[in-house]
Amino acid sequence: MPSNLDTLVTVFGGSGFLGRAVVRALAKRDYRIRVAVRRPELAGYLQPLGRAGQIHAVQANLRYPVSVEAAMRDSQLAINLVGILAESGAQTFDAVQAAGAETVAKAAAAAGAELVHVSAIGANDKSTSAYARTKATGEKAVLATLPSATIMRPSVMFGPEDQFTNRFAALARISPMLPLIGGGVTKLQPVYVGDVASAIAEAADGKTRPGATYELGGPEVLSMREIMELILEITDRDRALVSLPFGLAKFQAAFLQFAPGALKLTPDQVELLRTDNVVSEAAKAAGLTLEGLGITPDSLEAIAPQYLWRFRPAGQFQRKSA
């Protein structure tokens with residue numbers, strides 16, 4: 001049986017937030033890693049995560065099948081992490097998360113490789129959110145093309161470079177209030193990016209069930225209000241939490257979708273918040289979770305202080321004790 005040193009893994013989207021954690025986890029397990037990204041010249045920072053020559057970046061764009069096929073050449077495993085939270089130009093939900101997912105699956109099948117496809121909890125072809133609908137379409141296309149593929153559905157991920165906790169911490173720096181869309185009652189199960197990467201590495205090691213869909217969540221189910229309160233506590237910011245009805249939030253998002261940085265909010269993101277984002281009882285019963293893979297998930301409260309301390313007011317940068 002070949003060792004990991006003999007196994008070439010192509011990671012699509014390996015330079016992103018989750019990608020960096022996945023590349024690090026695979027490198028620790030001695031896989032050879034080909035990182036397939038649109039701008040490989042900007043992915044050099046990944047190489048120190050492994051040994052000399054272990055990690056190599058190549059150009060690939062899911063909208064161009066030929067580039068995906070080239071990136072898969074001689075690979076034994078494909079990991080597709082590509083996804084977007086907002087559309088921009090040709091990078092639409094359909095192109096990236098639906099058609100793009102199918103393109104990767106077809107390339108993996110043609111190469112005789114296995115596939116780990118990262119989707120999201122909440123993927124649903126009947127959702128009012130285009131993000132959630134195209135995630136579901138992508139899953140179906142993947143399994144239709146490669147029935148042995150493993151699907152990973154994480155809840156909202158957090159970690160040092162996330163666009164979740166960092167975004168609200170940055171907003172608290174400049175705004176006297178934080179909005180609670182829909183009253184802040186939507187429930188999430190925030191999951192540490194390192195735990196998701198470990199689950200994907202377990203799949204690479206062949207520890208997951210072929211054709212199964214895993215739901216990855218942290219140890220706690222929290223409302224958006226509770227998450228906001230925790231972020232404010234960690235960053236030592238006293239900010240008002242103001243309830244914002246879904247209708248008004250969607251109206252504002254029609255304009256804020258063009259805003260920069262932490263102020264950006266799209267109508268589709270508002271739609272996503274109408275539905276809880278937690279691990280299902282069915283996944284728990286079937287053992288298709290982090291715990292089912294032998295991974296004890298880290299909590300938001302334990303990890304977030306390690307990086308959100310930098311958002312504390314000037315002169316108060318010392319990290320809070322646990």
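Things to note:
- Inter-residue pairs, beta-carbon under 6 Å, first touching a residue at least 40 places away in the same chain (Cβ under 8 Å) and within 9 Å of A283 (Cα to Cα) and in region 204-216, second open to solvent by 20 Å² or more (accessible area, probe 1.4 Å) and not in a loop (DSSP other than H, G, I, E, B), 6+ apart: E215/R153
- Filtered residues of region 50-60 (kept if open to solvent by 20 Å² or more (accessible area, probe 1.4 Å) and either in contact with a strand residue (DSSP E or B) (Cβ under 6 Å, 6 or more places away or on another chain) or in a loop (DSSP other than H, G, I, E, B) (or both)): G50, R51, A52, G53, H56, A57, V58
- Looking only at residues in region 251-266 that are buried (at least 19 other Cβ atoms within 10 Å of the Cβ) and either over 29 Å from E215 (Cα atoms) or free of Cβ contacts under 8 Å to residues at least 24 places away in the same chain (or both), the one that is farthest from the chain's Cα centre (by Cα) is A253.
- Residue that is farthest from V270 (Cα to Cα) [pool: residues in region 209-246 that are open to solvent by less than 20 Å² (accessible area, probe 1.4 Å) and in a loop (DSSP other than H, G, I, E, B)]: A212
- Flag if G183 is more than 29 Å from K28 (Cβ to Cβ) and at pLDDT 95 or above: yes
- Only one entry of L171, L143 meets the criterion of being hydrophobic (A, V, I, L, M, F, W, C), open to solvent by less than 40 Å² (accessible area, probe 1.4 Å) and in a helix (DSSP H, G or I), and that entry is L171.
- Filter result (among the aliphatic types (A, V, I, L, M) and buried (at least 17 other Cβ atoms within 10 Å of the Cβ)) within region 85-95: A95
The values are calculated or read from the model by the stated rules, or taken from the named source; none is laboratory data. Because the structure is a prediction, the values reported are computed rather than measured. Glycine also receives a Cβ, built like all others from the backbone with ideal geometry; neighbour counts cover every protein chain displayed. With ligands, DNA and RNA removed, areas are computed over all heavy atoms of the protein, side chains included. Shrake-Rupley method; radii C 1.70, N 1.55, O 1.52, S 1.80 Å.
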